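Reviewing the structure listed below.
Just so it is clear, none of the values below were taken in a lab; they were calculated from the coordinates. Remember, predicted model here, so these are calculated numbers, not experimental data. Methodologically, a virtual Cβ is constructed for each residue, glycine included, from the backbone with ideal geometry; neighbour enumeration extends over all protein chains shown.
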Amino acid sequence: MRRDKDRFLNILLVSPSILAVFIFVYVFIGWSVRVSLSKWKGLTADYTWNSINNYLELFKDPRFHVDIRNTLIFTGVFVIGSILLGFLMAVMLDQGLKGEGFFRSLFLFPMAISYIVTGVVWRWLMNPATGSRTSGLNLLFTNLGLESFVNSWHTTPTWGIAAIALAAIWQMSGYTMALYLAGLRSIPAELKEAAQIDGANEWEVYRYIMLPLLSPVTLSALIILGHMSLKVFDLIIAIAGKQLPLDVPAIYMWQITFDGLFYGKGAAIGIILLVSVAFLIIPYIRYTLRTEAQQ
Amino acid sequence: MISKLRIGKYWLYIPLVFMAIFYLLPMYVILVTGFKGFDEIDLKTMWDLPRGIAFDNYIEAWKNLAPSLKNSFLMVIPATLISSALGSLNGFVLAKWKFRGADVIFPFILFGMFIPYQSIMIPLVQFMNKIGMTGLPGLALAHIIYGIPITTLTFRNYYASLPQELLEAAKIDGADMLGIYRYILLPISMPSFVVVLIWQFTSAWNDFLFAVILTGNEQWPITVALNNMAGSQIIAWNVQMAGSLLAALPTLLVYIFLGRYFLRGLLAGSLKG
């Protein structure tokens with residue numbers, strides 16, 4: 001009798017959450033898809049059927065081409081930079097040096113800060129002004145005699161977005177470090193010792209023993225950072241505002257929807273982003289839950 | 001051999017210190033600029049230490065940002081508490097008191113934490129307007145619901161790690177489901193609550209996207225207010241620096257005092273908890 005009561009009670013307990021997630025994620029996605037197939041432009045909703053024309057127009061739209069190029073550059077610089085830096089820092093901190101905890105906390109603290117704060121500060125660090133108005137990092141480089149490092153940061157044509165990725169690396173590399181450090185700590189010490197007894201030097205141990213064992217961590221980092229790159233928005237807004245050379249899909253979506261009131265096209269950008277993220281994330285969730293079930 | 005290894009290790013402090021400088025550079029600029037008097041402010045001397053300690057910038061930034069700091073707290077507190085409580089209940093049911101189909105539903109909940117919010121933004125705004133949940137309550141509701149996947153995941157993983165015998169023993173003693181949750185699991189859930197509360201607090205406090213689409217002028221939380229302050233031509237960069245510190249301080253303090261739990265939340269966010 002009691003068992004029966006609890007059988008319904010457990011469903012009752014989780015149903016508000018499940019219903020909320022169902023509506024706010026899945027119903028809303030369906031709704032967005034419908035908007036993306038409509039002619040809706042203007043303040044009042046208009047669901048007139050427009051087939052896939054919004055998508056077709058986007059793929060012909062030069063601004064969307066800039067968005068794709070920027071996303072690719074940003075993703076490449078951000079993901080590779082964060083993984084390399086994070087891995088190096090994790091290996092260095094894995095050596096049992098004094099002060100490890102201090103350095104670890106220091107490398108990770110930007111994660112606690114919002115992209116907006118990061119952006120506002122980096123906007124001044126990466127001030128591209130020249131001549132007597134030189135400031136920020138360019139001023140620091142000049143004072144240190146490193147003139148060759150002076151550059152125009154995010155105002156550089158085509159590659160400007162890489163400067164934004166630099167600020168993103170500052171914010172997120174500590175996270176990859178934490179992932180790698182957790183991974184390194186889970187590798188049994190005997191493995192490393194055995195390799196050393198066999199005559200492997202420190203470099204070879206990391207290259208041939210640790211790195212292959214860490215490939216699940218690298219995969220996680222690639223996917224998590226990669227899907228973040230597709231969504232990048234706040235950081236660019238805070239560093240540079242809405243500028244065409246630094247445009248990305250998330251900014252285009254926001255502008256075309258809420259400034260341009262072209263809801264149909266805005267929804268189409270949202271769905272394109274969703275599909276790109278789903279390609280990365282769905283296999284990842286399946287893989288993670290499967291490994292979990294095996295353990 | 002051993003001494004050679006030792007030297008090799010001490011050498012590592014050089015790159016570590018360089019990295020530390022890289023991470024501290026923005027904080028250095030925020031701090032030295034914040035404490036300069038208005039008369040010392042010049043972009044050309046932005047790397048110089050302040051001559052004394054002045055609070056001009058903080059007073060000016062506070063005048064601009066105090067209302068939005070209050071808005072942030074008003075929104076973040078219910079968002080954090082409710083989302084965490086729901087996560088704990090869900091985690092309990094999905095780990096220890098499963099119903100048929102629970103394992104099928106879980107990945108669908110999980111996917112919710114990775115979606116780009118651009119894909120639900122238009123319906124979200126429409127829906128919130130329709131049900132009259134605008135401004136801060138609407139923003140809090142969005143954070144509660146989109147927080148459910150990660151809070152559920154964290155608690156589910158924790159409860160799943162507890163031995164089934166714990167529950168069986170209580171069942172034999174006649175405890176029902178709610179009794180087991182209330183008297184057996186809840187008392188040992190504190191570490192997970194801390195992880196989840198910190199995570200939710202940080203992500204709701206730092207959020208910009210939901211805030212910018214769901215709130216207007218009077219109800220802006222700190223991120224939107226700070227961004228608008230930085231975008232305006234009227235407010236000087238030194239005041240923006242002071243404002244950045246005000247905006248970052250609550251989450252930074254949480255990080256400094258509860259960093260260990262913060263880290264566990266981070267790892268959970270990549271499904272590696």
Given labels modelled 7 Å from the Cα in the Cβ direction, how far is it in nm from A:Ala45 to B:Leu24?
5.5 nm
Working out 0.36 nm times the residue gap between A:Ile68 and A:Arg290, then minus their Cα-Cα distance, what length gain in nm do you get to one decimal?
76.6 nm
Chain lengthening between A:Ala189 and A:Lys242 when straightened (0.36 nm per residue, less Cα-Cα)
14.0 nm
Under the 7 Å Cα-to-Cβ spin-label approximation, A:Leu19 and B:Ile172 lie apart by a distance in nanometres of 3.9 nm
Within a 10 angstrom radius of each residue's Cβ in B:11-21, how many Cβ atoms of other chains show up on average? Whole number is fine.
4
Round to the nearest 0.05 the FRET efficiency obtained for A:Ile282 and B:Val104 when R0 = 22 Å and r is the Cβ-Cβ distance.
0.95
Low-density loop trypsin sites (Lys or Arg not before Pro), segment B:17-113, at most 11 other Cβ within 10 Å, DSSP non-H/G/I/E/B, are B:Arg51, B:Arg100
Computed for the protein assembly as shown: size of charge dipole around the Cα centre, +1 on C-beta of each Lys and Arg, -1 on C-beta of each Asp and Glu, debye to nearest 20, value 800 debye
FRET efficiency for B:Gln233 and A:Gln255, using Cβ-Cβ distance with R0 set to 30 Å, rounded to 0.05:
0.90
Helix-only [θ] at 222 nm, chain A, -39500 (n - 2.57) per DSSP H run of 4+, per residue, nearest 500, equals -21500 deg cm²/dmol
J(HN,Hα) series, segment A:130-139, from Karplus relation 6.51 cos²θ - 1.76 cosθ + 1.60, nearest Hz, glycine and proline x
10, x, 6, 9, 4, 8, x, 5, 4, 5
Which residue, chosen from A:Leu274, A:Gly260, A:Pro245, occupies the Cα position most advanced towards the positive end of the dipole of chain A, where the dipole is computed from +1 (Lys, Arg) and -1 (Asp, Glu) charges on Cβ about the Cα centre?
A:Gly260
Which residue, B:Met241, B:Met128, B:Met190, tops the fluctuation ranking in a GNM of chain B built on C-alpha contacts under 10 Å?
B:Met190
Taking the radius of gyration and the Kirkwood hydrodynamic radius from Cα positions alone, what is the Rg/Rh ratio for chain A, to two decimal places?
1.06
For segment A:270-295 and segment A:175-201, what is the separation of their C-alpha centers, rounded to whole Å?
28 Å
From the square roots a ≥ b ≥ c of the eigenvalues of the alpha-carbon gyration tensor of segment A:142-295, which class results: rounded (a/c under 1.5), prolate (a/b over b/c), or oblate?
oblate
Please work out the C-alpha center-to-center distance from segment A:1-53 to segment A:211-242 and express it in whole Å.
28 Å
Ranked by GNM mean-square fluctuation in chain A (Cα springs under 10 Å), the top entry among A:Pro110, A:Pro16, A:Pro245 is A:Pro16
For the Cα atoms of chain B, what angle does the longest principal axis make with the long axis of helix B:190-206, in degrees from 0 to 90, nearest 10?
40 degrees
Expressed in angstrom and rounded, the centroid-to-centroid distance over alpha carbons for segment B:136-155 and segment A:54-113 is 25 Å
Please list, short to long, the whole-number percent of alpha-carbon pairs of segment B:162-215 in consecutive 5 angstrom bins beginning at zero.
4, 17, 17, 13, 10, 9, 9, 9, 6, 4, 1
Do any trypsin sites (Lys or Arg not before Pro) in segment A:65-167 lie in a DSSP loop with no more than 13 other beta carbon atoms within 10 Å, and if so, which?
A:Lys98
For the protein assembly as shown, what does the convex hull of the Cα positions come to per residue, in cubic angstrom?
181 Å³
Applied in sequence order to segment A:178-188, the curve 6.51 cos²θ - 1.76 cosθ + 1.60 (Karplus, θ = phi - 60°) yields integer Hz couplings, x standing for Gly and Pro, of 4, 4, 5, 5, 4, x, 4, 5, 8, 7, x
5 angstrom amide H check on A:Asn50, placed H, neighbours 5+ away
A:Ser38, A:Lys39
With T = 20 °C, eta = 1.002 mPa s and Kirkwood Rh from C-alpha pairs, the Stokes-Einstein D of chain B in µm²/s is about 98 µm²/s
Assuming 0.36 nm per residue, please report the length gained on full extension of the stretch A:Asp61 to A:Ile80 beyond their Cα-Cα distance.
4.0 nm
What ranking do A:Val25, B:Val254 get, fewest neighbouring Cβ atoms within 10 angstrom at the top?
B:Val254, A:Val25
